[in-house]
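Right, one structure below, let's go through it.
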Amino acid sequence: MQTLTDAWTALPADLRTRLAMASTGWRHLALAGAQCLRLARQQADADEKARLQSLAADILLWAMGENPLSGPLAAEILSAPDLPLSGTARAGLSAVASCWRAPQAKEGGLAYFERLAQRRDAERLADFLAGQIAKDPGGLFWRDKALGLALYSGAGELAHRLEGAALSGLEAIPDLGPAARVLSAQGAFVRGDTELCLDGLLGDLPPLQQAYGPAFAAARVCLALLGAGENSAALPLARECLAAAPWQAGLARTAADAATGLRARLAPPPGPALIMLYSWNKAADLDATLASLAASDLSTADGGRARVAVLDNGSTDNTAQVLDAWAARLNLLRVDLPVNIGAPAARNWLAALPEARAAETLVYLDDDVELPPDWLQRLGAALEARPGAGVVGCKVADHQAPHLLQNTAGHLVVPGGGPDGGPDGGPDGGPDGAAGDRPDMDFRSMTPNPFRLCDAHLQGPDWGLFDFVADCASVTGCCHLFRRADLDKAGPFSLALGPSQYDDFERDLRMLAKGGVAACQGHLRVRHRKRSGLASQGTGADAAGASSNALGNRYKMQTMHPREEIAGFIEAQAKRLGEAVEDALRVLDAAGDPS
């Protein structure tokens, strides 16, 4: 009998490289499916060709399940004649492709929609989208827009109204019943209604299996059960799903952490410990963050309690009064500067404090986060599980819509580099990077060395497929923990990258160059008040200046690390991730072995 580990290792190596980074994100999976289909077309052996075609179909249908109303994706999948699709799947894809009626640019209300989106006028956007759906109830374009805005609006009345408009009558459109059920279950999951989510997915499973592959709906049931703490029901189901979809690396690692108990583990970090924040003119956010800290378990392994240090970066608002109010309650260590010296310099200043030099553990926090009470103990558990990690971070989620991730374990990719990430064609066999080639840099662009971090986590709501402790290339500086010695080993944060962007990422690259690695505590979700996506879009000189600064700092960061070094990091990353998936599958194989 084939084990789960054997089924994974039997997959093409380049495909494993991509899926070990992430096995979710509809764009990411569409690229994986396209890659698999190209490999099938290169096969001379008929049985192996059929196996790879079936695998490609499963991955592509899963991608469709993550974005069920995407007409362009449906059309792309249908354009591949050699995909073995069930009649239900083909009919559903055809319905989505034909009902996706996008207005021409600047016509059909699109220009008005874009203006409202730029102004972040969610209420008027909701009214407009409801009106557009009513005008064309058989169309999917505006329904899809409404669902996207509903996800970004959180779990309040606005989101409920948008979701209702988007799903109203959808099931009555021929062949779109499975899409309606998947989206309804997703809405229930996002709202925390596990029972309704499970009812929607399990009510009539065969049509969902035919539409989105044999394991898609069952895996979502498994993830919902894990999220509800029902491990005993979830783990056998996880093994069944992996037997049907052995490529689902994220599910394997999530289930393995539940099986070993790492999902629930807490451990105080080494002490003494210092928690460090810097702030500039964000008094209200800082006040809420300090309240969150005050409600946390700040105990350390030496029996002490982590101390909190705050650097006021030349604020001119009420920051001083906020710090005065919290000084005694948090035993606050305070630094007041007359001017804003920027984030990298502020981090270095805090790390140079005598109290920081005496600490064994240092934690940097942004001044606009909301922390669960056990956050520090979660980071301590990850450090205990990954004692060699040079830095430990976590999942960072949108504060208003915590089912949307902003950051998680960061894995390096190079756009255009085949399995290592970036655009490389769709299922129809369009232009692509050669599978397996080492990534080359594109000197036709303004980006000197165009590496980035995999963005699969940004492509839809978080179902839990990043809920594991993972070694990675980088973690966000929004909330990250260091042993003092490891922070010193890589050197200070780069002042060249002030005032704020990319200094944490660049420091992690220097850590990799010295043989270190980051770790992400996927069982810790920290909510971040600074929004991304739609709500982060601004207008005017301030927004343009911030964007220009970010682009400039990215350019500078990419010039600091030669392409040969980045290619070496990616090669080591692939080996590390592959081994982690195999370790997880061995845990699940052992748990399912009756002997």
Report summary line: Contact list, first residue from region 300-318 and under 15 Å from A345 (Cβ atoms), second anywhere and in a loop (DSSP other than H, G, I, E, B) and of a type outside the set (A, V, I, L, M), beta-carbon distance below 8 Å, six or more apart or interchain, is D312/W280; N313/W280; N313/N340; N313/G342; G314/W280; G314/P338; G314/N340
Query - Pairs, first outside any helix (DSSP H, G or I) in region 568-595, second surrounded by 14 or more Cβ atoms within 10 Å (Cβ to Cβ), C-beta under 9 Å, six or more apart - result: D593/T3
**Report entry** Top-ranked residue of region 151-174 - restricted to ones that are small (G, A, S) and part of a loop (DSSP other than H, G, I, E, B), ranked as nearest to A91 (Cα to Cα)
**Finding:** G169
Query raised in the report: Name the pairs whose Cβ atoms lie under 9 Å apart, with the first residue in region 58-75 and outside the structural domain of L93 (by TED's automatic domain parsing), the second acidic (D, E) and modelled with pLDDT under 95, and 6 or more positions between them or separate chains?
Result: none
Query raised in the report: Residue check: is F482 part of a strand (DSSP E or B) and more than 29 Å from W26 (Cβ to Cβ)?
Result: yes
Query raised in the report: Checking I133 against (1) over 24 Å from the mean Cα position of the chain (by Cα); (2) β-branched (V, I, T); (3) under 17 Å from A74 (Cβ atoms), which single condition isn't satisfied?
Result: (3)
Query raised in the report: Just a yes or no: is a residue in region 338-361 within 24 Å of N553 (Cβ to Cβ) and in a strand (DSSP E or B)?
Result: no
Report task. Restrict the check to region 227-236 and report whether at least one residue is more than 24 Å from the chain's Cα centre (by Cα), touching a residue at least 40 places away in the same chain (Cβ under 8 Å) and not in a helix (DSSP H, G or I). Result -> no
Query raised in the report: Where in region 175-216 are the helices (runs of 4 or more DSSP H), entirely inside, with at least 3 residues that are within 19 Å of D462 (Cα to Cα)?
Result: 177-190, 194-202
Report summary line: Checked D302, D204 against criteria (among the charged types (D, E, K, R), modelled with pLDDT under 95 and either under 24 Å from the mean Cα position of the chain (by Cα) or outside the structural domain of L29 (by TED's automatic domain parsing) (or both)); the one match is D204
Report task. From (1) closer than 14 Å to A185 by Cβ; (2) buried (at least 24 other Cβ atoms within 10 Å of the Cβ); (3) out of contact with any helix residue (DSSP H, G or I) (no Cβ under 6 Å at 6 or more places or on another chain), pick out the condition that doesn't hold for T254. Result -> (1)
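Let's see how each residue does on (1) over 24 Å from R18 (Cβ atoms); (2) at pLDDT 85 or above; (3) touching a Cys at 6+ places or on another chain (Cβ under 9 Å):
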| site | (1), (2), (3) |
| --- | --- |
| L534 | yes, no, no |
| T539 | yes, no, no |
| A544 | yes, no, no |
| S548 | yes, no, no |
| N553 | yes, no, no |
| K556 | yes, yes, no |
| H561 | no, yes, no |
| I566 | no, yes, no |
| I570 | no, yes, no |
Report task. For region 254-296, name all the residues that are of a type in the set (S, T, Y) and in a loop (DSSP other than H, G, I, E, B). Result -> S296
**Report entry** Matching residues, region 461-504, being small (G, A, S) and out of contact with any Ser or Thr (no Cβ under 7 Å at 6 or more places or on another chain)
**Finding:** A470, A473, S474, G477, A485, A490, G491, S494, A496, G498, S500
Query raised in the report: Quick one: which of A150, A185, A180 is among the hydrophobic types (A, V, I, L, M, F, W, C), crowded, with 17+ Cβ neighbours inside 10 Å and touching a Cys at 6+ places or on another chain (Cβ under 7 Å)?
Result: A185
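The values are calculated or read from the model by the stated rules, or taken from the named source; none is laboratory data. Keep in mind that what you see is a predicted model, and the values were worked out from it rather than measured. Counting neighbours? That spans all protein chains shown, and the Cβs are built from the backbone with ideal geometry, glycine included.
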